[in-house]
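Down below is the structure, laid out as structure tokens.
Nothing in this text is a laboratory measurement; each read-out follows from the coordinates by a stated rule. Keep in mind the model is a prediction, meaning the values are calculated, not measured. When we count neighbours, we look across all protein chains shown, and the Cβ atoms used for this are built from the backbone with ideal geometry, even at glycine.
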Amino acid sequence: MVRDRIDELIKLIDKANYEYYTLDKPTITDQEYDRYMQELLDLEEKYPDLKRDDSPTNRVGGQVIDEFKKVTHEIPMLSLGNVFNEDEIVAFDERVKKVVAQPKYVAELKIDGLSVSLLYKNGVLVRAATRGDGVTGEDITHNARTIKTIPLTIKKPIDIEVRGEIYMSKDSFNKLNESGENFANPRNAAAGSVRQLDSKVAASRNLDCFIYHLPDPEDYNIYTHEDALRFMKELGFNINPNNKKINDIKELLDYIDYWTLNRSTLPYEIDGIVIKVNDLNDQQKLGFTARNPKWATAYKFPAEEVLTRIKDIIFTVGRTGQVTPSADLEPVRVMGSVISRATLHNEDYVLAKDIRVGDVVAIKKAGDVIPEVVKVIKERRSGAEQKFQMTQTCPICHEKLTRKDDEAAYYCTNIHCPAKQQEKLIHFTSRHAMNIEGFGDRIIEDFYNLGYLKSYDDFYNLNKHKEELMKLEGFGTKSINNLLAEIENSKHNSLERLLFGLSIRHVGTKTADILARHFKTLDNLMAADFDSISNIKDIGPIIAKSVTQYFASEENRELIQRLKGHGINMVYLKEISQVTTEFTDKTFVLTGSLERFTRDEAKAKIESLGGLVTNSVSKKTDVVIAGQEAGSKLTKAQNLGIDIWNEEQFLNTLSKY
Ligand code: IVH
């Protein structure tokens, strides 16, 4: 009885939500809706055992998780290649035409949010995950359940994965920032909301979702992208109404022109147009590059330039000590973000363009890059503008700056400069370095000023101050425990992360990787001399000099000792798998072309799981992985009775680890 009523209420509420949020055609009044919702809440409170996972009462949030679980995407979530102008669009169409005689497309708005994968079992939403690096994302189900345009239950009790974009409307974004938050643009606001442990936050942020991709269309007898969109719409998903079937390049260019002119009328931000080959068979023929489908591309709107005035020119210190001039601007909106700072790069740049305080200037912003001042509108000068003068001292520690002969940049060489130290600490925690999540710039600055963080090894001393830290304003047991767990985790990182994190000059991620792979342990690297480093392929004398200098310093050697004392791993782990896998000690041969990997990527994966990759098939070969158009190696393997995997089997096996 009660169970039936609960089922009935959920049906009524889901239908009302769908009609209201997705179709924009409500059929019941707000009062009726509230009454159903209240009745459901009351029943769930009275009979907690009967509360369904997919209950719309979840939408108000309340579910709190301890950490984001990792999720493996069985079909990788690829991103799209980009085109930036008409010529490149035409070239894309030409490339397609080499494979498909008369391609038809679907053009879609490129929603500026973050992509999401939604998994339904038996018609019920069971998992939502971010894209992450494409293969491993994060489980955000608790937050996705609060988004009204994501159905908790779809119209057929089937198993299905769909993909789309979570975004925040311009309206919700403005309201959020008016309420005191300070997000740069709706995309950041959406991403920040989805990355919250407590789903109440996401629930309060009014997020939305458009679905645009069905990864496994064959399962549903669907043969065009258009049909996939229609099918997903019938299931109750929110599909963008502006998607359009395109018959030729002219229609495509018209669509792009139309939305370039009219994008500002949309209630949400778009940053381009996505073009997809409609016929799924044609898509398959076109295949993939290592990273992107060849059957789709994204046209990116050109970077927007706007005018504003320079209020002041200020100087900031980076982790290398480089002091950079930046323009402090009268705030303007550029490409959906409010900008009040733009880089001026260095002294030469400012002098060459004769940029002055008080000038009206054009600001440009493209995608994620830092906005820059591109030109001065000299006609707008009043004569009161002040000529630029590069500072000669560090704005933070006031040490005299030095300019290296071969560079336009000025450096603060005081190794104790607090700004430099803080920037280095921030870098140490960053994603490609030690990847310690939860440390924003502000926390590092606070901990630094309070004396808890001075040097990298202090991260690993923080647990000794746990009680004190928990008492700090803005921190609780949970956030400190999370931070400490993240720090503890970072001890097991492979060596290249530490190397990159140390902020050794000229050692970026790639160099760190090459050095770690070559020397295997930090001890080996520290013992190496200039020649043995500069002789490594892709490493030159500049890097070799910088690395040997770094490790020659007594202070740096002591730091390494202290890190060692904390149990930080200093060994290259990438190629040494910790567990026995189906690849361990087996010999693999790759043949034909794989759609989802380059040869190198496939090889790296196999090696990382303990396998060996060789070039030719022999009796010693254990497995041949055969992609498209595999030739004589495949025949030979068949003759020898060697195990043969296709790409899907390879992917399936990989996904186990
Ligand atoms: S299709 C294999 N369609 O843009 C299909 N993507 O640079 C991959 N995006 O990662 C995506 N609107 O986050 C597709 N209508 C749309 C989109 C869209 C926004 C995002 C998505 C993707 C990125 C590609």
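Full extension of the chain between residue 233 and residue 529 yields a length gain of 100.2 nm, computed as 0.36 nm times the residue separation minus the alpha carbon distance. All C-alpha pair distances within region 487-529, sorted into 10 Å bins from zero, spread as 29, 58, 13, 0 percent across the bins. How high is the FRET efficiency between residue 604 and residue 556 when r is their beta carbon distance and R₀ equals 41 Å, given to the nearest 0.05? Efficiency at R0 = 41 Å is approximately 0.85. Close Lys pairs in region 142-205 (alpha-carbon distance under 19 Å; sequence gap of 8 or more, or different chains): 5.
Counting only Cβ charges, +1 for Lys and Arg and -1 for Asp and Glu, the dipole size of region 234-305 around its Cα centre is about 320 debye.
Centre-to-centre separation between the Cα atoms of region 344-388 and those of region 238-301: 35 Å. Using a 4.7 Å Cβ-Cβ cutoff, the cysteines of the chain lacking any partner cysteine are 209.
In plain terms, the bigger the Kirkwood radius, the slower the diffusion; for region 349-391, with that radius from Cα pairs, at 37 °C and 0.692 mPa s, Stokes-Einstein puts D at 290 µm²/s.
Using 1/(1 + (r/R0)^6) with R0 = 30 angstrom and r between the beta carbons of residue 408 and residue 260, what's the FRET efficiency to the nearest 0.05?
Once the sixth-power term is evaluated, E becomes 0.25.
Per residue, the Cα convex hull of region 364-414 amounts to 160 Å³. Evaluated at q = 0.13, 0.19, 0.23 Å⁻¹, a Debye calculation over the C-alpha positions of region 220-306 (equal weights, vacuum) places log10 I(q)/I(0) at -0.53, -1.07, -1.32.
Report the one residue of 345, 453, 438 whose Cα lies farthest in the direction of the positive end of the charge dipole of region 337-482 (charges on C-beta: Lys and Arg +1, Asp and Glu -1; origin at the Cα centre). Of the candidates, 345 comes out farthest on the positive side. Overall, the chain carries a charge dipole of about 820 debye about its Cα centre when +1 sits on the Cβ of Lys and Arg and -1 on the Cβ of Asp and Glu, all other atoms neutral. Candidate cross-link partners of residue 404 among the lysines, defined by an alpha-carbon separation under 25 Å and a same-chain spacing of 8 or more, comprise 353, 387, 420, 424, 510, 545.
Seen from a random direction on average, the alpha-carbon convex hull of region 504-583 projects onto 6.2 square nanometres.
About its Cα centre, the dipole of region 322-394 is roughly 220 debye, where the only charges are +1 on Lys and Arg Cβ and -1 on Asp and Glu Cβ. Straight-line cross-link partners of residue 471 among the aspartates and glutamates, defined as a Cα under 15 Å from its Cα and at least 8 positions apart when in the same chain: 446.
Spacing of the modelled spin labels on residue 338 and residue 579, each 7 Å from Cα toward Cβ, amounts to 4.8 nm. Measuring between their Cα centroids, region 456-498 and region 546-622 lie 28 Å from each other. Using 0.36 nm per residue and subtracting the Cα-Cα separation, the extra length available between residue 397 and residue 60 on full extension is 116.4 nm. In this calculation the C-beta distance from residue 379 to residue 546 is compared with R0 = 60 Å, giving a FRET efficiency of 0.85. A compact globular protein would have a Cα radius of gyration near 2.2 N^0.38 Å; the ratio found for the chain is 1.08. In region 87-175, the inverse of the mean reciprocal separation of distinct Cα atoms equals 15.8 Å; this is its Kirkwood hydrodynamic radius. Pairs from the table (633/656; 574/656; 11/233; 311/378; 294/636) lying more than 25 angstrom apart at Cα are 633/656; 294/636.
At 0.36 nm per residue, and after removing the present C-alpha to C-alpha distance, how many nm does the segment from residue 75 to residue 253 gain when stretched out fully?
So the chain would gain 60.9 nm between residue 75 and residue 253.
If you bin the C-alpha pair distances of region 44-142 every 10 Å from 0, what whole percents do you get? Using 10 Å bins, I get a P(r) of 12, 28, 27, 18, 11, 4, 1 for region 44-142.
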